[in-house]
1. Which residues, counting only those in segment 74-85, are part of a loop (DSSP other than H, G, I, E, B) and surrounded by 13 or more Cβ atoms within 10 Å (Cβ to Cβ)?
2. If you go through segment 49-65 one residue at a time, how many are assigned to a loop (DSSP other than H, G, I, E, B) and more than 18 Å from Gln39 (Cα to Cα)?
3. Show the residue pairs that are 6+ apart or on different chains and have beta-carbon atoms under 6 Å apart, the first residue being within segment 7-25 and under 16 Å from Ile69 (Cα atoms) and among the small types (Gly, Ala, Ser), the second being at pLDDT 95 or above and not in a strand (DSSP E or B).
4. So which pairs qualify, if the first residue must be in segment 54-73 and over 18 Å from Gly8 (Cβ atoms) and open to solvent by less than 50 Å² (accessible area, probe 1.4 Å), the second must be charged (D, E, K, R) and part of a strand (DSSP E or B), the Cβ gap must be under 7 Å, and the two must be at least 6 apart or on different chains?
Amino acid sequence: QVQLVESGGGLVQAGGSLGLSCAASGSILSLKDMGWYRQAPGKQRELVATITSGGSTNYAVSVKGRFTISRDNAKNTVYLQMNSLKPEDTAVYYCNAKAISFTTLINTPYWGQGTQVTVSS
């Protein structure tokens with residue numbers, strides 16, 4: 001199995017910055033795309049940003065130019081730097097990773113437990 005452990009998040013004022021990190025561990029044979037999703041109260045989970053193992057990135061329109069996703073393949077870790085935060089960025093942020101484990105040998109999506117980001121106005 002593959003486990004994702006997130007850290008970071010918290011409370012910040014509008015215009016401030018926060019950083020999230022997510023480390024993957026377990027019986028990882030190959031770590032594929034990694035990314036961040038978020039879910040605000042009463043809303044569906046939505047994509048924030050993704051990054052391939054080769055470093056290609058994709059962002060939601062709402063965060064482009066403010067958020068930066070990156071990864072350290074040696075550490076099996078993905079990061080999300082969030083700048084110029086807005087109250088509408090308030091949500092639970094979830095790490096996602098697609099990985100092939102030694103046990104399943106199938107490319108499977110895994111999720112972190114989620115971390116709260118609250119932006120006050």
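The values are calculated or read from the model by the stated rules, or taken from the named source; none is laboratory data. Bear in mind the structure is a predicted one, so any value in this text is a computation, not a measurement. Neighbour counts are summed over all protein chains in view; Cβ atoms, including those assigned to glycine, are modelled from backbone coordinates with ideal geometry. Note: areas computed on protein heavy atoms with side chains; ligands, DNA, RNA excluded. Shrake-Rupley method; radii C 1.70, N 1.55, O 1.52, S 1.80 Å.
1. Asn76, Asn83, Ser84, Leu85
2. 6
3. Correct list of pairs: Ser17/Asn83; Ala24/Asn76.
4. Ala60/Glu46
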